[in-house]
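Asker: Before we start, here is the structure in question, set down as structure tokens.
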Amino acid sequence: MDDETLIELRALRARAYGPDADIDADPAARARLAELESSARAAASAPEPARPTPTDVPGLDNGPEADAGPEPDAAPEPPLVPVRERLARAWRRRPVAIAWTGSLLVVAAVVAAATYGVAAVRPISPATGATQIATLDDGDESDAAWLDGWWGAGSAATAYDFHGLIVIHSPVGVFTNGTDCLTVVPAGAVSQDGTTIEGQLYYGCAAGAFPAVAQFTISETSPDELQEAFGLGTSLQFVLAPEGVGVFADPPRPTPSVSASIVAG
């Protein structure tokens, strides 16, 4: 095998077994490599021709060839890479590919989990857009005579007057097993002994980190003073806080007008 063929064989082997192997994408180069390796194996397995060995025997004329010295060796052929070594090289590269593929799978799983979490929990904004119109505190306390008899709460209950309403804060549940409860009723709906109520009643108790809330929409059955102050359709919310009771108002939404048109046929 001449020098030019050896150079070609080395280049093809680099494309087949090197770190940047790309010969699989070149059928012609792959076929040429197989041809050259077959020739190299045939040359390696052929018996080496016997060469005359000069014998230095006294009195023996070895002729002019005896002083010619040893014949120069042919250019050494590159050793063939055993199949086992080629497989070992391929497997040494495989863990890198497996690790890289595994990292992609992990990233895909995290992204999928995050996407599912966002899609499964639909966000709801905590902002209502309502305006706080009052804070009921010590200056708004009611002097209703029936307060001491309010459903067994006695002096522990606190009440506030608000435009024809009585807003009552009771530290214990009145209608349910709760704590820190709010009750909103019309001022004239409670009996003299504070044990019965006739008419509308709005009620709520605290639950964990959530404060007690009572809310409703002003209607024609609401106290006249309340209707005059805020108008029909206004929604009111009473929220219990350490500073007192916050009152929030949301005016009625305008009803969209619907226009009908008659198209002459």
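The values are calculated or read from the model by the stated rules, or taken from the named source; none is laboratory data. These numbers were taken from a predicted model, which means no experiment stands behind them. FYI the Cβ positions are ideal-geometry reconstructions off the backbone, even for glycines, and counts take in every protein chain you see. Please note that ligands, DNA and RNA were not included when accessible areas were found on the heavy atoms of the full protein model with its side chains. Shrake-Rupley method; radii C 1.70, N 1.55, O 1.52, S 1.80 Å.
Asker: Which ones in the range 188-201 are in a strand (DSSP E or B) and in contact (Cβ under 8 Å) with a residue 24 or more places away in the chain?
Answerer: If the condition is that a residue be in a strand (DSSP E or B) and in contact (Cβ under 8 Å) with a residue 24 or more places away in the chain, then 190 is the only one that fits.
Asker: What are the pairs, 6+ residues apart or on separate chains, where a residue within the range 155-182 that is touching a residue at least 60 places away in the same chain (Cβ under 8 Å) and of a type in the set (Phe, Trp, Tyr) has its Cβ under 7 Å from a residue that is assigned to a strand (DSSP E or B) and crowded, with 20+ Cβ neighbours inside 10 Å?
Answerer: 160/136; 160/167; 160/245; 162/136; 162/247
Asker: Here's another thing I want to ask about it. Limited to the range 160-189, what total is found for residues that are more than 16 Å from residue 226 (Cβ to Cβ) and in contact with a helix residue (DSSP H, G or I) (Cβ under 6 Å, 6 or more places away or on another chain)?
Answerer: 2
Asker: Looking at 137, 161, 193, which is the one that is of a type outside the set (Val, Ile, Thr), modelled with pLDDT of 85 or more and more than 47 Å from the chain's Cα centre (by Cα)?
Answerer: 161
Asker: Whether any residue in the range 172-187 is assigned to a loop (DSSP other than H, G, I, E, B), under 20 Å from residue 148 (Cβ atoms) and of a type outside the set (Gly, Ala, Ser) is what I want to check.
Answerer: Looking through the range 172-187, at least one residue is assigned to a loop (DSSP other than H, G, I, E, B), under 20 Å from residue 148 (Cβ atoms) and of a type outside the set (Gly, Ala, Ser).
Asker: Spot the failing condition for residue 210; the list is (1) open to solvent by 90 Å² or more (accessible area, probe 1.4 Å); (2) of a type in the set (Phe, Trp, Tyr); (3) at pLDDT 95 or above, and only one is missed.
Answerer: With (1) open to solvent by 90 Å² or more (accessible area, probe 1.4 Å); (2) of a type in the set (Phe, Trp, Tyr); (3) at pLDDT 95 or above applied to residue 210, the lone miss is (3).
Asker: Given the criterion out of contact with any Gly (no Cβ under 6 Å at 6 or more places or on another chain), open to solvent by less than 30 Å² (accessible area, probe 1.4 Å) and not hydrophobic (A, V, I, L, M, F, W, C), identify the matching residue among 234, 217.
Answerer: 234
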